[in-house]
Amino acid sequence: QFDAILAISSLIHIPKHELPSQIKRIAELMKSKGMFFVSFLEGKGEGYEDPTKIGKNRFFSKLSQTEVDELLSPYFSIVECTKVEVTKMNHTFILAVFRVN
């Protein structure tokens, strides 16, 4: 088991319907009171796009703050959350720190 897990710009490539099982698995890998550092793309929907305009489409899932809270609340308590706009990609990221419940 781990004291901390870092998932920055990785879970954004998982289809929304698969996220609950992935979050559950992450929680199971963590020690009590462990810290989970995670980022999600803010928005609606999912699909392939080329945000960096380099000719390479990638799959992205976008979530609202409410969706993030609902996804993580069965396993984690929020410690801190902020939003960062990445103008180059024309996206806003939700960056959050959670603690295992």
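The values are calculated or read from the model by the stated rules, or taken from the named source; none is laboratory data. The structure displayed is predicted, hence computed values, not measured ones. Glycine gets a Cβ as well: all are built from the backbone with ideal geometry, and neighbour counts include every protein chain shown. All accessible areas refer to the heavy atoms of the entire protein, side chains included, with ligands and DNA or RNA removed. Shrake-Rupley method; radii C 1.70, N 1.55, O 1.52, S 1.80 Å.
Below, the figures for the structure above:
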quantity: Residues of region 71-83 satisfying the condition of being touching a residue at least 24 places away in the same chain (Cβ under 8 Å) and outside any loop (DSSP other than H, G, I, E, B); calculated: 71, 72, 76, 77, 79, 83
quantity: Residue within region 35-55 that is in contact with a strand residue (DSSP E or B) (Cβ under 9 Å, 6 or more places away or on another chain), closer than 26 Å to residue 99 by Cβ and open to solvent by 70 Å² or more (accessible area, probe 1.4 Å) present; calculated: yes
quantity: Among the candidates 85, 67, residue that is at pLDDT 95 or above and more than 25 Å from residue 1 (Cβ to Cβ); calculated: 67
quantity: Residue 5 within 12 Å of residue 71 (Cβ to Cβ) and either among the polar types (S, T, N, Q) or out of contact with any His (no Cβ under 6 Å at 6 or more places or on another chain) (or both); calculated: no
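A quick yes/no check of all residues on (1) closer than 24 Å to residue 80 by Cα; (2) outside any loop (DSSP other than H, G, I, E, B); (3) modelled with pLDDT under 95:
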residue	(1), (2), (3)
17	no, yes, no
24	yes, yes, no
32	yes, yes, yes
37	yes, yes, no
47	no, yes, no
55	no, no, yes
